[in-house]
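J.: Quick one: this structure, given as C-alpha cells, is what I'll be asking you about.
The values are calculated or read from the model by the stated rules, or taken from the named source; none is laboratory data. The structure displayed is predicted, hence computed values, not measured ones. Here Cβ is always computed from backbone atoms with ideal geometry, including for glycine, and neighbour counts include all displayed protein chains. Areas reflect the complete protein model, heavy atoms only, side chains present, ligands, DNA and RNA absent. Shrake-Rupley method; radii C 1.70, N 1.55, O 1.52, S 1.80 Å.
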Amino acid sequence: MLRNALEGLTVIDFTQIGAGPTATMLLADMGARVIKVEPPGGELGRGLGPGWLGDDSALFHAFNRNKLGVCLDLKSARGVAVARRLVAEADIVVESMRPGVMARLGLGHAELLQAHPALIYCSISAYGQSGPYAQRAGVDGIMQADAGLMSLIGVEGSEPCKVQAPVVDVMTGYVAVVGILARLAARGRDGRGGHLDASLFNAALALQQSSLASYLADGQMPVRVGSAAPYAAPNQAFETADGWIMVAAYMPDRWQRLCDTLGVPQLIDDPRFATSPLRVANRAQMVQALTAVFVTRTTDAWLAALTAADILCARVATYADVAAHPQVAANRMLAEVAHPTLGTIRMPGFPLDSAATNAAPMRPAPACGQDTEAVLRGLGYAAEEIDSLRECGAVRCAQPAA
C-alpha cells in the first residue's frame, strides 16, 4: 500500500504555507517520517484564514498532516546546530527559503551535500535558484499573474481573475515530489543524492502545457472564454432552469446525440455548426441556440437525459455538492483525521489509490513545538541539554494537548 511505500525514510521540512508543505505532506502520506521545522512562533501558514480549526488555519491543518513538529530558532547558532544534527540523520531535506538564505545559515545544499553525499536536497522558491528573478519573492497569485495563467481566466472585458484555489502552490509540491522520487530511484543505483531546484514559476508554466503550446505554435493570444474550451465546442457550462450544467459534446457523434436529446436535430446539419472548429468560430450563436433549450429544464433533469445518451456532463458543483458527492465517498477522498482537542477533522485526502490510502489512520498537524523534546531525545540530547536549549530560546518545546 502507498501509505507504507516510503517507510524508513526521514525528511526534514524547512517549508511554510503551501508549496513546500504540499510536497512534504505527500511524502508523509506515503510513509516517510517527516519532521517539520518551524520558528518558535510557528510558520506563517498557521495564521492564514478565514477557515479556522482552533487557533490555526484550516490551510495549515490541510497541508501538515502526518508530520512531527519541531520548533527551532535558525537565527541562533545553537538552533542551527540542532538543525544540522537533524539533517545528519535524514534522507531528504525540503526547504522554501529565498535563494541564498539557507546557505547563509550554514544549511545550504552545497555544504550539506558535501558532508552527506547521499542526501536529497530539494529547494522550492518563487522563480528558481538562478537567473534574473531568483531573488524575487512570490506567492501563488503572483505566479498566476506572471506566468500568464490569469490571462486565460474569466471572460473578455472582465477584470483579471485567478484560480481561487492555490493551484500553483499545489502543482509545485507535486512537481517537487516527482523530482524527489526520481532522485530516490537514482540513489538506489549509485548511492548519491543531489540538489533539486523546484519553482512556482516553472510549475505555473507547466500547468499551461496546452495553452502555451498553442500560442508558441501560431502566435495567437488566447481569448478568455469563461467556462468554454478555446479548442472545442460545445465544451462549456450552460444555464439551466435552476443552475448550471457543464457539457462536453464536441465529438461528432456526441454533438449529434446532444442535438437529438435537446430536441433540436436541425442544428446537426446547420453549416455554422457542422464541425467543432466551426462551432468554435460561431460559439456565440451556438450558445444562444442551446441555452434556449437548457433553461427549460432543471439541472437534474438534464443530467439524467444526457447521461442516458452517453453525453459527457456534470453539475457545476458547489463545495456543499462536492462534500456530498457519492464518488467522493467511494474514493474516500475526504480523509478524516482525529485531533486530540478538535475532534474529527475532514480534509482532502491522498489522491492516488485513494480508497485504501485514506482509510489508514492519519496523524493530525502538529501543535507548535509538539515533538521537539521527543525528536531531540531521539538525536541523543540529554535532558539537561534540552533544558539549556529551551532556556536560551534555541528551541521551543510544547506538549501535545491531552
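J.: Show the residue pairs that are 6+ apart or on different chains and have beta-carbon atoms under 9 Å apart, the first residue being within segment 4-20 and within 21 Å of residue 358 (Cβ to Cβ), the second being aromatic (Phe, Trp, Tyr) and buried (at least 23 other Cβ atoms within 10 Å of the Cβ).
T.: 18/63
J.: Pairs under 9 Å by beta carbon, first residue on the phi > 0 side of the Ramachandran plot and modelled with pLDDT under 95 in segment 333-360, partner open to solvent by 20 Å² or more (accessible area, probe 1.4 Å) and not in a helix (DSSP H, G or I), six or more apart or different chains?
T.: Pairs that qualify, where the first residue is on the phi > 0 side of the Ramachandran plot and modelled with pLDDT under 95 and the partner is open to solvent by 20 Å² or more (accessible area, probe 1.4 Å) and not in a helix (DSSP H, G or I), are 353/1.
J.: Tell me, which helices (runs of 4 or more DSSP H) lie completely within segment 170-284 with 1 or more residues that are farther than 30 Å from residue 25 by Cβ and open to solvent by 60 Å² or more (accessible area, probe 1.4 Å)?
T.: Of the helices (runs of 4 or more DSSP H) lying wholly inside segment 170-284, those with at least 1 residues that are farther than 30 Å from residue 25 by Cβ and open to solvent by 60 Å² or more (accessible area, probe 1.4 Å) span 209-218, 252-262, 276-281.
J.: While we're here: Within the group 91, 140, which residue is in contact (Cβ under 8 Å) with a residue 60 or more places away in the chain, among the acidic types (Asp, Glu) and closer than 30 Å to residue 226 by Cβ?
T.: Among 91, 140, only 140 is in contact (Cβ under 8 Å) with a residue 60 or more places away in the chain, among the acidic types (Asp, Glu) and closer than 30 Å to residue 226 by Cβ.
J.: Consider residue 36 carefully, then state whether it is more than 30 Å from residue 352 (Cα to Cα) and modelled with pLDDT of 95 or more.
T.: No; evaluated as a whole, the condition is false for this residue.
J.: Same structure, new question: Which one of these is under 19 Å from the mean Cα position of the chain (by Cα) and either farther than 16 Å from residue 349 by Cβ or open to solvent by less than 20 Å² (accessible area, probe 1.4 Å) (or both): 33, 3, 46?
T.: Exactly one of 33, 3, 46 is under 19 Å from the mean Cα position of the chain (by Cα) and either farther than 16 Å from residue 349 by Cβ or open to solvent by less than 20 Å² (accessible area, probe 1.4 Å) (or both), namely 46.
J.: Follow-up. Give segment 107-165 a look and list any residue that's loosely packed, with under 14 Cβ neighbours inside 10 Å and assigned to a strand (DSSP E or B), or say none. Explain how you work it out, then say what you get.
T.: Narrowing segment 107-165 to residues loosely packed, with under 14 Cβ neighbours inside 10 Å: 110, 114-115, 117-118, 130-132, 135, 137, 155-160, 164-165.
Result: 155, single match.
J.: Could we say that residue 70 is in contact with a helix residue (DSSP H, G or I) (Cβ under 8 Å, 6 or more places away or on another chain), closer than 20 Å to residue 8 by Cα and either at pLDDT 95 or above or in a strand (DSSP E or B) (or both) here?
T.: In short, yes.
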